[in-house]
1. Need the C-alpha centroid separation for the stretch 355-379 versus the stretch 139-207, integer Å.
2. Would you mind checking the stretch 141-170 for residues with the amide N under 16 Å from a putative spin-label position 7 Å along Cα→C-beta of residue 211?
3. Can you give the net charge of the other residues whose Cβ lies under 9 Å from the Cβ of residue 149, counting K and R as +1 and D and E as -1?
4. Please state, rounded to one decimal and in Å, the Kirkwood hydrodynamic radius that the stretch 129-268 gives when every pair of distinct Cα atoms enters the mean of 1/r.
5. Considering the zone a paramagnetic label at residue 190 would reach in this model (a point 7 Å from Cα along the Cα-to-Cβ line), which residues of the stretch 48-83 have amide N under 20 Å from it?
6. Just to confirm the filter: which trypsin sites (Lys or Arg not before Pro) across the stretch 363-469 are DSSP coil and have at most 15 other Cβ within 10 angstrom of their Cβ?
7. In what order do 549, 256 fall by count of nearby beta-carbon atoms within 10 Å, going from fewest to most?
8. For the stretch 485-588, what does the alpha-carbon gyration tensor say about shape, rounded, prolate or oblate, given a ≥ b ≥ c as the root eigenvalues, a/c under 1.5 as rounded, and a/b over b/c as prolate?
Amino acid sequence: MHVPSATPTASHPCPTPGDVIERPTGALAIDAARARCGLPRVAHIPETSLFRNLETSAQRYPAKTAIHFQGSAVSYSRLLGEVEAMAGYLQRECNVVPGDRVIVFSQNCPQFIAAYFAILRADAVFVPVNAMLLRDELEHIVNDSGAVAAFVASELLDRIAPLVGTTPLRKLVVHAYGDALGPEGVKGVEDEGLPAPDWLRTQMADVRLPDAAIAWNAALAQACVPEPHRAGPDDLSMLPYTSGTTGKPKACMHTHRTVMTSCVGSSLWRRTNPSSVYLAVAPLFHLLGLQNNVNSAIFWGGTIVLMPRWDREAAATLIERHRVTFWAALPAMLVDFFAQPGIEHRDLSSLSIVTGGGAATPQHVNDILKSRYGLDYVEGYGLTESANFLCANPLYKPKKGCLGLPTFGVDLRIIDPDSLRPVAPGEAGEIVVHAAQIMLGYWNHPRANAESFIAIDGKRFFRTGDIASMDEEGYVFMRDRLKRMINASGFKVWPAEVEAALHEHPSILEACVIAAPDTRRGETVKAVVTLRRGSTEDSASLLAWCREHMATYKAPRIVQIVSALPKNATGKIAWRELQEQEALAGSAAPQKTAATH
């Protein structure tokens, strides 16, 4: 295992002793802004493992519902019992020892949550895997992490089973979503007013298992007793993989402390509590879903209303029925949710916090939340490398299109990415952060660690690759990814800024801005958009609007209207996919969409 060093590299030198980078002048403003919003200066983080959060909540609220899933309810005492038995199975039947890596490969379901905590209870390391990955991608993660066991959803079994014996993987525990339904089965789902597709009806009795696999319930039935829990705050807890912009995915080394710092800080900042009810629809294999909807909920002893997949009608039904109070939703999800017919007649009055980030939020979504429900869309900012929480808007003073304030203990600075010197307030630069929730480093990637960490004022800072600016009150505003910048005739164009402007157009539903090859400018700005139902706009009229509302160098020169934009597993617009398609199209044929020069 390679732990990163703060030592500067030749390609990324640190300032010399005579060039001390001082803490930004906005630091005092940040403290003052937090105080005005009633936020404490310091968050006190438990010096325990993540598993202890479940153990504590189960002791406090044994009969309380921890998870609602498709008409069934799992109490805290039952959840803890399953976790204990499955941890014992890992140790005694799978020979998992402290520090071993164990995969979870599944969509959202109660077994996912139990498997996650069972891995932690066994003093092992959780490796979440995107349920859309295919065999070659899986093989990389299994080999890179050295995972020895995996929890697998039945419909994904064929993808991972061939890796047993040819990789470090030696044992599979397989679950079916249908086995997590209540005693009434599919009827309970339908009584809840939810759809019951075929994949939800599958039970393990219908699944043929390979020799190295065992059914979830069969493993539980062995009632294995685990060894005493020994993991502490500085032991490795998880290896979530990042997609990155180049090369194969890299795993972020997170300890119990880094993850706990993020989830507890987020919970305190957003003022959730034991009575909070969380709508959990973001995939749990991504830290957005795991941190906001599982770790934070379990820390308080709250209730998780778990959705296996996004369905806007089902989301409205669940918010009404279970009086959901907290919803972490990406902008694209909210766009779809509020576009459904009759949504204005649904009772969403229980919602007290709607939060998210990751993309520009269309103004009409903000308007709907404010005018109908008196809510602000409270944006935040985090990375897999930071366990998903670095900045957030205060609940009572959010700013539109803003990442918010640096949160508890976060030393965030904006620097010139080349000189590494601080930029003036309001100017764009790269976000670098020093914080307790930052990962130890990338697993088995010493070169990436050397490139990603720098030393400033004797402290280790992570280079995010995100371009942002900070106002005089300390609020941070995203410009774009450093590697996503468009260079049009020498002018720097940040796609996120152009996307935010496009969302002001009354006919544009969603927008993604990418670079298109241009013989004169090198690169030019291209917008790929979807339109609202009934819109009569065409590419030419949209281009004319852009020229009227944006600086010439920023305004898109090409507009492509599509029926839908590609999304990744967490619901974010997959801009890389569009960029790659554009690169291939540009090398194969001339651009055929409407353009202006």
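Each value in this text was obtained by applying a stated rule to the coordinates, not by laboratory testing. The structure presented is a predicted model; accordingly, all values stated were derived computationally and were not measured. Neighbour counts run over all protein chains shown; Cβ positions are idealised from the backbone, glycine included.
1. Cα centres, the stretch 355-379 to the stretch 139-207: 35 Å.
2. Once the point is set 7 Å along Cα→Cβ of residue 211, 161-167, 169-170 turn out to lie under 16 Å by backbone N, inside the stretch 141-170.
3. +2
4. 17.8 Å
5. Those under the cut-off are 69-73.
6. The qualifying sites are 400.
7. Details: 549 13, 256 24.
Listed from fewest to most nearby Cβ atoms, that is 549, 256.
8. Judged from the Cα gyration tensor, the stretch 485-588 comes out oblate (a/c at least 1.5, b/c at or above a/b).
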